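In what follows, a structure is listed as structure tokens, so that the remarks can point back to it.
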Amino acid sequence: MPAKRRRWPWVVLGIFVVLLAGKYFLLSRPAAPGPEYVIDLAALHSAAVAAGGALPQRIEVEKIGEFSFPRTLVVAGEGFRMHQMVLLAHRVVWPDSSVVIDTAMAPAATKKMPGSKADPAAFDRLEAAMKKANAIVFTHEHVDHVGGVAAAPDFAAIAKKVRLTREQYDSPKLERGEFPAGTLATLEPLSYQGLYAVAPGVVLQKAPGHSPGSQLIYVELTGGQRFLFVGDIAWTKDNIRLQTGRPGIATLLMKEDRPAVAAQLHALAQLPPDVHVIVAHDPIALDDDLKSGLYREGFTD
Ligand SMILES: [Zn+2]
């Protein structure tokens, strides 16, 4: 009997070691970068102007809602305090046309997120903007980016403008159940190789990693300002600044290709400072950008 009792310290130690290893691999350790990811600014500029026609005048943003995640899910190894995140939709504006970039989620879906707050009036303005837009494009196919389309009360009115890429449309991460029955079948996916100008000054470049359908959206304004919408490659600019992405548990929860994302974070850190990187969920970067007048809050008529 005494021999049996002596096994317990080893069992406890074993559990402790497993928990420590789990914390290290799932929450603390950032991924090492995979093969180099190239962002060729000269090629993006050429594609932006080669599309022919006037470059856009300005960018607008709507904050559709907010939520929060434990910080260590956002930046590997950064502890469990809650980290605030925003749900945004952007609009690129010409005098007589516009392109919507990402559509957040409807208020009912937003309320299911942890620590969330929804702005139904902002969502209504987004719905109106989608109807007026020439095109609606997405940094990727996750529901907090395509949800505004899935929840559109008049889907037929926007179907022709929705430019889901072939990779986004076919992705297992596109939550088909969120779309009303039959609506997805009415969309025509966009197939492209290399760079694709969806409008003068708005260029797409594939960036699979966070999801199979992730892409960069480069925007160049008539005044020469350059923007790069990077979606959820980073959840906060700290991912780029610290060169630390999400932890290993992201691979389990989201099937993220973390080495690919790490290589993209490296490429983003090399960009010149006049290329304004817009990450989808960073409230501090949003405030900074609005204060410095890079773009304005609210979709105007
Ligand atoms: Zn997102």
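Just so you know, all these numbers are worked out from the coordinates, no wet-lab data involved. Source: prediction; values computed, not measured. Virtual Cβ from ideal backbone geometry, glycine too; neighbours counted across all protein chains shown.
With q set to 0.17, 0.19 Å⁻¹, the log10 of I(q)/I(0) for region 107-153, from the Debye formula over equal scatterers at the Cα positions, is -0.52, -0.65. Across region 31-46, computed HN-Hα scalar couplings (Karplus, 6.51 cos²θ - 1.76 cosθ + 1.60, θ = phi - 60°) run 7, 7, x, x, x, 3, 9, 9, 10, 9, 5, 5, 5, 5, 4, 4 Hz from first to last residue, x flagging Gly and Pro. Using alpha carbons only, the radius of gyration of region 154-236 set against its Kirkwood radius gives Rg/Rh = 1.00.
Take the Cα pairs of region 63-210, get the Kirkwood Rh, then feed it into Stokes-Einstein at 25 °C and 0.890 mPa s and tell me D in µm²/s.
152
Length gained on full extension, Lys112 to Asp96: 2.1 nm, using 0.36 nm per residue less the C-alpha separation.
Among the listed pairs Lys255/Lys291; Lys132/Lys206; Lys23/Lys291; Lys132/Lys255; Lys160/Lys291; Lys23/Lys206, those whose Cα-Cα separation exceeds 30 Å are Lys255/Lys291; Lys23/Lys291; Lys132/Lys255; Lys160/Lys291; Lys23/Lys206.
Per residue of the chain, the DSSP helices (runs of n ≥ 4 H) give a summed -39500 (n - 2.57) that works out to -9000 deg cm²/dmol at 222 nm.
Counting only Cβ charges, +1 for Lys and Arg and -1 for Asp and Glu, the dipole size of the chain around its Cα centre is about 1500 debye. Multiplying each eigenvalue of the alpha-carbon gyration tensor of region 193-266 by 5 and taking the square root yields semi-axes of 25, 15, 8 Å, largest first, rounded to whole angstroms.
Please compute the Kirkwood hydrodynamic radius over the chain, one decimal place, Å, based on all pairs of different Cα atoms. List each step's numbers first, then the result.
On the way: mean 1/r = 0.0497 Å⁻¹.
Kirkwood radius, the chain: 20.1 Å.
First measure r as the distance between the Cβ atoms of Thr186 and Gln57, then evaluate 1/(1 + (r/R0)^6) with R0 = 30 Å and state the FRET efficiency to the nearest 0.05. Calculated value: 0.45.
Couplings for region 62-74, taken from phi via the Karplus curve 6.51 cos²θ - 1.76 cosθ + 1.60 with θ = phi - 60°, read 10, 8, 8, x, 8, 7, 8, 10, x, 3, 5, 6, 8 Hz in order; Gly and Pro are left as x. For region 136-147, the Karplus equation 6.51 cos²θ - 1.76 cosθ + 1.60, evaluated at θ = phi - 60°, returns couplings of 10, 10, 9, 5, 6, 9, 5, 5, 7, 10, 9, x Hz by residue, with Gly and Pro reported as x.
Between Arg296 and Tyr24, what's the calculated FRET efficiency when r is the beta-carbon distance and R0 is 45 Å? Round to 0.05.
Working from the Cβ atoms, E equals 0.55.
Relative to the dominant Cα principal axis of the chain, helix 7-23 is inclined by about 20°.
For the pair Ile284 and Ser46 in one chain, pulling the backbone fully straight at 0.36 nm per residue adds 82.5 nm over the alpha carbon distance. A Förster distance of 51 Å, applied to the separation of the beta-carbon atoms of Lys132 and Phe80, puts the FRET efficiency at 0.75.
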